[in-house]
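Reading through the structure tokens given below for one structure.
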Amino acid sequence: MRLGVLDIGSNTVHLLVADVHPGGRPLATTSQRTVLRLMRYLEPDGAISEAGIRALVDAVREAREVAQSENVVELLATATSAVREATNGPEVIARIEEALGQDLQVLGGETEARFTFLAVRRWFGWSAGQILLFDIGGGSLEIAAGSDELPDVAASVPLGAGRTTIEFLPDDPPGEDAVEVLREHARATLAPVVALMADQPRPNHVVGSSKAIRSLAKLAGYPVPGWSGSERMLLPRAALGSWIPRLARLPASARQELPGITADRTFQIVAAAVVLHTAMTALDIDELEVSPWALREGVLLRYIESLSWSEPA
């Protein structure tokens, strides 16, 4: 059957369409993204402005039309931190559901981490052993660890790339002093997570997912051979750290000329780099590997598991 996952995040409204069957790997057919950067539409009281709601509703309607044109049988619609934490969240959710014509599942931070962890586990397989996961969105950073399909521990902290850019790096370019203030804030915010992870075994694989981390890996990482001729990307902490002062001195217009930095990420990439580097340092991680699968694939995989299995003829 053909399924769609609509991920309403802090940065984008992203529709993934895939053909699926029980026991099989999802085969993506269409990926459609609308860049919103909802953090720009936050009012002082934490509400999403009317302009932001209209932009969100328009993007959702467009995604619904694409899903219908692609003959999607079931559309799994989810929303993450920006909608979840808005002070007018119930109104925003009602407007989205009206545009969708169906219910919207609003994911909590730890649930988001669990879906993403499932996708990463399936991508790397059981032989990967203990996995430590980093996932940076626009509004939050998720960290999870475990040796099974669901993490033993999972945490979500308000260190998303969009949120921290607005709060700590509003100037263009931000400069190194502002970066240092963000670094200190990230270190303090991560302290409880570091304590939570203290009893976990040393990871066999450290994995990063999300568009921001993929972009940083293309900028500061390097490729290695993967499975079946595929290419994997590794991101060393030292290389990432060496890029941060340069990124902080460059205006956003110049950053998009760098490898891996797309126009929709150029404003937020400095904050993403600082937060990721601080998290890797706090958890004593020297290098991570990038996963091509993340939240949307996790939602798909969990739904596939719920499909009925029939006895072979």
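Hey, can you tell me all the residues within region 1-48 that are of a type in the set (Gly, Ala, Ser), part of a strand (DSSP E or B) and open to solvent by less than 60 Å² (accessible area, probe 1.4 Å)? Full working, then the answer.
First, the residues of region 1-48 that are of a type in the set (Gly, Ala, Ser): 4, 9-10, 18, 23-24, 28, 31, 46-47.
Now drop any that are not part of a strand (DSSP E or B), which leaves 4, 18, 28, 31.
Answer for region 1-48, where residues must be of a type in the set (Gly, Ala, Ser), part of a strand (DSSP E or B) and open to solvent by less than 60 Å² (accessible area, probe 1.4 Å): 4, 18.
Out of (1) over 17 Å from residue 5 (Cα atoms); (2) β-branched (Val, Ile, Thr); (3) over 13 Å from the mean Cα position of the chain (by Cα), what's the single condition that is false for residue 143?
Here residue 143 clears every test but (3).
Hey, does region 194-202 have a residue that's closer than 30 Å to residue 252 by Cβ and touching a residue at least 24 places away in the same chain (Cβ under 8 Å)?
Taking region 194-202 first, the residues closer than 30 Å to residue 252 by Cβ are none.
No, every residue in region 194-202 fails to be closer than 30 Å to residue 252 by Cβ and touching a residue at least 24 places away in the same chain (Cβ under 8 Å).
Could you figure out which of (1) crowded, with 20+ Cβ neighbours inside 10 Å; (2) assigned to a strand (DSSP E or B) isn't true of residue 280?
Against the list (1) crowded, with 20+ Cβ neighbours inside 10 Å; (2) assigned to a strand (DSSP E or B), residue 280 comes up short only on (2).
Can you tell me which residues in region 67-83 are on the phi < 0 side of the Ramachandran plot and not hydroxyl-bearing (Ser, Thr, Tyr)? Give the steps one after another, and end with the answer.
Quick first cut of region 67-83, residues on the phi < 0 side of the Ramachandran plot only: 67-70, 72-83.
Scanning region 67-83 gives 67, 68, 70, 72, 73, 74, 75, 76, 77, 79, 82, 83.
Only one of (1) touching a strand residue (DSSP E or B) at 6+ places or on another chain (Cβ under 6 Å); (2) in contact (Cβ under 8 Å) with a residue 60 or more places away in the chain is not met by residue 153, so which one is it?
(2)
Looking for something closer than 13 Å to residue 273 by Cα and open to solvent by 10 Å² or more (accessible area, probe 1.4 Å) - is there at least one such residue anywhere in region 183-199? Write out each step before concluding.
The first filter runs over region 183-199 and keeps only residues closer than 13 Å to residue 273 by Cα, leaving 183, 186.
Checking the rest, the ones that are also open to solvent by 10 Å² or more (accessible area, probe 1.4 Å) come to 183.
Yes, the conditions are met somewhere in region 183-199.
Looking at this structure, is residue 106 among the β-branched types (Val, Ile, Thr), touching a residue at least 40 places away in the same chain (Cβ under 8 Å) and open to solvent by 30 Å² or more (accessible area, probe 1.4 Å)?
For residue 106, the condition - among the β-branched types (Val, Ile, Thr), touching a residue at least 40 places away in the same chain (Cβ under 8 Å) and open to solvent by 30 Å² or more (accessible area, probe 1.4 Å) - is not met.
Give me the residue from region 57-79 that is open to solvent by less than 60 Å² (accessible area, probe 1.4 Å), touching a strand residue (DSSP E or B) at 6+ places or on another chain (Cβ under 7 Å) and not in a strand (DSSP E or B) and, out of that set, nearest to residue 99 (Cα to Cα). Walk me through how you get there before you give the answer.
Step one: list which residues in region 57-79 are open to solvent by less than 60 Å² (accessible area, probe 1.4 Å), which gives 57, 59-60, 63, 66-67, 70, 72, 75-79.
With touching a strand residue (DSSP E or B) at 6+ places or on another chain (Cβ under 7 Å) added as a condition, the list becomes 59-60, 63, 66-67, 70, 72, 75-79.
If we keep only those that are not in a strand (DSSP E or B) as well, we get 59-60, 63, 66-67, 70, 72.
Numbers: 59: 10, 60: 7, 63: 10, 66: 13, 67: 13, 70: 18, 72: 17 Å.
For region 57-79, the residue satisfying everything is 60.
Taking only region 234-277 into account, find how many residues are in contact with an Asp or Glu (Cβ under 7 Å, 6 or more places away or on another chain) and open to solvent by 40 Å² or more (accessible area, probe 1.4 Å).
Taking region 234-277 first, the residues in contact with an Asp or Glu (Cβ under 7 Å, 6 or more places away or on another chain) are 234-237, 245, 248, 251-252.
Remaining after also requiring open to solvent by 40 Å² or more (accessible area, probe 1.4 Å): 237, 245, 251.
The qualifying residues number 3.
The values are calculated or read from the model by the stated rules, or taken from the named source; none is laboratory data. If you're wondering where the values come from, they're calculated on a predicted model, not measured in any experiment. Please note: Cβ atoms are built from the backbone with ideal geometry, for glycine as well, and neighbour counts cover all protein chains shown. Calculation scope for accessible area: heavy atoms of the full protein, side chains included, ligands and nucleic acids excluded. Shrake-Rupley method; radii C 1.70, N 1.55, O 1.52, S 1.80 Å.
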